[in-house]
Amino acid sequence: MASRQITQDTFDAVVQENITEFDMDPDEAVSEAVQQFESQGVDLSNIIKAPRKPSSDQNDQIHEILQILELLRKCVDSSALGEMGDLLLHFSEQCKQGLAYRFQSAQKCAYPVLLSAWKLSLGDRDLTLKALHAMSSLTDGQPDLFEPVGQQLLVKTLEENTNDADATLIGIQLVRHICLKHEQNRQDLVKAGILPLLTGAIVKHGTDAELVRKACLALKIMTFDDDVRVPFGHAHDHAKKIVLENNGLKVIINAAKGFMDNSTVLSELCSTLAQLSVRNEFCQEIVDLGGLNFMVALLADCIDHQDLVKQVLNTIRAIAGNDDVKDAIVNTGGTDLIVLAMNRHLSSSQICEQGCAALCMLALRKPDNCKVIMEGGGALAALQAMKVHPKQLNVQKQACMLIRNLVSRMRDFSQPILEMGAETLILEAQAAHRDCDDVAKAALRDLGCKVELRELWTGQKGSLAQ
């Protein structure tokens with residue numbers, strides 16, 4: 001059942017009534033109004049829950065962000081650039097108060113006002129930065145506001161400021177805000193030429209940690225398939241364009257070498273590499289460019305950095321989709337480091353999940369790799385992860401799949417794994433997680449355990465068994 005909605009004016013009227021009729025102070029009046037509406041099942045997520053401020057017209061009251069917006073509108077109409085800078089800054093600060101502030105200002109046509117201010121600011125660096133920042137603040141969580149004129153202006157601004165790290169950084173931030181969960185904006189910006197601007201920014205400003213991190217995140221967002229309104233996105237095509245037309249893998253791997261002491265940037269770079277590993281040849285190219293050796297060394301040197309370890313394991317899992325890369329990972333000692341990471345961070349369900357998933361990929365169709373994983377303690381580490389995280393579906397599923405891959409072509413491993421307590425743990429996972437049923441049965445079957453297989457349909461008239 002959908003939540004009930006009200007307008008900002010309705011909420012403000014109730015607050016004002018609480019003040020005038022019941023002699024409440026403003027904050028108490030707001031709190032009472034919130035309680036009243038929420039008790040009625042009203043969704044207040046887009047409502048500014050604060051008292052209004054007196055406006056320049058003392059007979060009227062208005063929320064501060066809307067006061068600023070009205071003053072900005074007058075500046076734009078009169079082209080008063082001198083007063084515009086401070087107003088843009090104040091507007092950005094107000095937007096940081098929350099989505100409700102951004103939503104209500106958008107309802108009062110903030111987007112066209114800011115777009116006009118942005119156009120007027122071109123040629124004035126300081127004012128352009130403030131206009132960009134205000135637009136980025138407004139569109140955070142509201143990508144639908146952006147339209148073709150804004151897209152063209154954004155690309156033009158980035159093209160004309162490639163040497164300006166500040167303008168590039170704010171522009172990339174805007175790209176992220178308008179492309180997250182918005183497939184049409186992604187497609188339009190890719191057609192407009194945003195990808196070479198993003199990879200070029202990483203090369204041009206390769207020592208700027210924040211810029212490199214956000215540019216990689218923007219590239220990654222271009223490969224997302226997260227817009228539920230679109231049945232088929234261009235995520236795969238965008239990944240291909242980043243790699244084939246913009247040399248994306250080389251750009252990212254080279255950039256990573258400059259941030260060996262910055263785990264936050266390295267995590268984002270690894271995550272982006274994983275997102276781009278969508279084709280067999282891309283996985284191999286990462287190895288050929290030295291990316292695998294880099295990540296194995298990174299895993300060894302930064303084993304205590306949980307988030308970085310998780311992203312490295314995720315990348316290893318991604319590139320292991322290539323069978324030749326599987327062997328390369330094993331030959332560089334990757335399996336031992338994966339097991340070490342799992343044992344070191346056994347309390348982290350995410351690292352256990354990614355570790356099991358990486359070992360699972362390495363074991364798939366590779367009996368020799370299965371032997372290395374078994375000898376290195378991979379099966380035991382997976383079973384320990386199952387014990388520690390019984391409620392984590394993904395840990396249980398990945399561990400079951402790993403066990404199945406280890407024994408499907410190496411039956412001699414079944415008994416040692418069973419002696420580690422695998423059957424009990426897999427049965428517990430099957431009982432606790434419905435989505436684990438198929439992989440649990442496959443693991444039990446290949447371990448030689450008794451499995452109850454139900455025939456859902458026999459071809460006879462009647463419905464499927466439930």
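The values are calculated or read from the model by the stated rules, or taken from the named source; none is laboratory data. Not measured: the values here are computed from a predicted model. Because the Cβ atoms are built from the backbone with ideal geometry, glycine has one as well, and the counts that use them run over all protein chains shown. Keep in mind that these areas ignore ligands, DNA and RNA; they rest on the heavy atoms of the full protein, side chains included. Shrake-Rupley method; radii C 1.70, N 1.55, O 1.52, S 1.80 Å.
Name the long-range amide H neighbours of LYS53: under 5 Å, sequence gap of 5 or more, or other chain; modelled H, no Pro or chain starts.
ILE62, HIS63, GLU64
For region 263-332, what % of the accessible area comes from carbon and sulfur atoms, probe 1.4 Å?
Working: 940 of 2420 Å².
Carbon with sulfur: 39 percent of the solvent-accessible area.
Write down the Å³ per residue value for the convex hull defined by the alpha carbon atoms of region 187-294.
Hull volume normalised by residue count: 94 Å³.
What is the percent carbon and sulfur in the accessible area of region 129-182, measuring with a 1.4 Å probe over the protein chains and ignoring ligands?
Looking at region 129-182 in its full context, I get 49 percent from C and S.
Enumerate the calculated ³J(HN,Hα) couplings along region 279-286 in order (Karplus 6.51 cos²θ - 1.76 cosθ + 1.60, θ = phi - 60°), each rounded to whole Hz, writing x wherever the residue is Gly or Pro.
9, 4, 5, 5, 4, 5, 4, 4
Along each of the three principal axes of the Cα atoms of region 4-43, give the extent in whole Å, ordering the values from largest to smallest.
28, 18, 14 Å, listed from the longest principal axis down.
Given a 1.4 Å probe, how much area per residue of region 380-459 is accessible, in Å²?
With the other protein chains kept in place, region 380-459 gives 57 Å² per residue.
Just the number please: accessible area per residue for region 263-332, 1.4 Å probe, all protein chains included, in Å².
Values: 2420 Å² over 70 residues.
Spelled out: the 1.4 Å probe surface of region 263-332, per residue, equals 35 Å².
Please give every one of the aspartates and glutamates within straight-line cross-link reach of LYS366, meaning a C-alpha to C-alpha distance under 20 Å, and leave out same-chain neighbours fewer than 8 residues apart.
GLU281, ASP323, ASP324, ASP327, ASP336, GLU375, ASP412, ASP446
In terms of the ratio Rg/(2.2 N^0.38 Å) built on C-alpha atoms, what value belongs to region 263-332?
Rounded to two decimals, the normalised Rg is 1.00.
Roughly what would the spin-label model give for GLU70 and LYS204, points 7 Å off Cα along C-beta, in nm?
4.1 nm
Between region 23-53 and region 237-285, what is the C-alpha centre distance in whole Å?
Region 23-53 and region 237-285 have Cα centres separated by 47 Å.
Quickly work out the GLU452-to-SER79 label distance, labels modelled 7 Å from Cα along the C-beta direction, and quote it in nm with one decimal.
8.1 nm
Hey, how many Å between the Cα centroid of region 119-172 and the Cα centroid of region 339-381?
45 Å
When we measure straight from the Cα of LYS450, which lysines land under 18 angstrom away, once same-chain ones fewer than 8 places off are left out?
Partners within reach: LYS441.
Lysines within cross-link reach of LYS250: Cα-Cα under 18 Å, excluding same-chain residues under 8 positions apart?
Partners found: LYS204, LYS214, LYS220, LYS240, LYS241.
If you line up the long axis of helix 422-432 against the longest principal axis of the chain, both from Cα atoms, how many degrees apart are they, to the nearest 10?
Approximately 40 degrees, to the nearest 10.
For n ≥ 4 DSSP H runs only, could you compute -39500 (n - 2.57) per run for the chain, divide by its residues and tell me the 222 nm figure to the nearest 500?
After summing the helix terms and dividing by the residues of the chain, the value is -21000 deg cm²/dmol.
Across region 290-301, in residue order, what do the Karplus-derived ³J(HN,Hα) couplings come to in whole Hz, using 6.51 cos²θ - 1.76 cosθ + 1.60 with θ = phi - 60° and x for Gly and Pro?
x, x, 5, 4, 4, 6, 5, 5, 5, 5, 6, 7
Take ALA165, project a point 7 Å from its Cα along the Cβ direction, then tell me which residues of region 193-235 have their backbone nitrogen under 11 Å from it.
Inside the label zone: 205-212.
Sorted by packing (mean other beta-carbon atoms within 10 Å per residue), highest first, where do 95-103, 267-275, 125-133 land?
Going by the mean number of other Cβ atoms within 10 Å, highest first, we get 267-275, 125-133, 95-103.
Over all directions, the average projected area of the alpha-carbon convex hull for region 335-450 comes to how many nm²?
5.8 nm²
Using Cα atoms only, what is the angle between the long axis of helix 306-319 and the major principal axis of the chain, expressed in degrees (0 to 90) to the nearest 10?
The two axes meet at around 60 degrees.
Can you figure out the FRET efficiency of GLU375 with ASN293, using R₀ = 22 Å and their beta-carbon distance, to the nearest 0.05?
The calculated FRET efficiency here is 0.45.
Determine the principal axes of the Cα atoms in region 111-253, then give the extent along each, sorted from largest to smallest and rounded to whole angstroms.
So the extents along the principal axes, rounded to whole Å, are 37, 37, 21.
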